[in-house]
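The block underneath contains the structure these notes are about, expressed in structure tokens.
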Amino acid sequence: MYQKISAVEAKKIMDKEKDVVIVDVREEDELVEGYIENSLLVPLSHFEDEIEEKVPNKDKTILLYCRSGRRSAIAGNIMEKLGYKKVLDFGGIINWPFDCVM
């Protein structure tokens, strides 16, 4: 199941569920703009090749984000096709109203 959610909903899930996987699909050079603490970098350019190795448990709750929401939507559709059960896309870090690691 792939679903779009808001940044506020994503933050509530992060605070409540300790076993959630946060995936940043931006490129490595974009991390200087800040990233969400404890997120796993899996760039969209390598996504199909790397996601099953980096996140082998397809039953975990996955939270996806990128810069603006375009790449996270693509990644969410890929994960759904690969059989991930709970993929939640909260869009871009540019709309993230909470703290980031700089």
Query raised in the report: Residue check: is R71 surrounded by 19 or more Cβ atoms within 10 Å (Cβ to Cβ) and touching a residue at least 60 places away in the same chain (Cβ under 8 Å)?
Result: no
Requested in this report: Considering (1) within 12 Å of the chain's Cα centre (by Cα); (2) in a helix (DSSP H, G or I); (3) loosely packed, with under 15 Cβ neighbours inside 10 Å, say which one E48 fails and leave the rest.
Outcome: (1)
Requested in this report: Count, please, the residues in segment 79-102 that happen to be outside any helix (DSSP H, G or I), of a type in the set (A, V, I, L, M, F, W, C) and free of Cβ contacts under 8 Å to residues at least 40 places away in the same chain.
Outcome: 1
**Report entry** Selection within segment 12-34 - part of a helix (DSSP H, G or I) and more than 12 Å from the chain's Cα centre (by Cα)
**Finding:** K12, I13, D15, K16, E28, D29, E30, L31, V32, E33
Query raised in the report: What is the number of the single condition among (1) in contact with a helix residue (DSSP H, G or I) (Cβ under 8 Å, 6 or more places away or on another chain); (2) at negative phi; (3) surrounded by fewer than 18 Cβ atoms within 10 Å (Cβ to Cβ) that Y35 does not meet?
Result: (3)
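Values quoted throughout were computed directly from the atomic coordinates according to the rules given, and no laboratory measurement underlies them. Since the model is a prediction, treat every value here as computed from it, not as a measurement. When we count neighbours, we look across all protein chains shown, and the Cβ atoms used for this are built from the backbone with ideal geometry, even at glycine.
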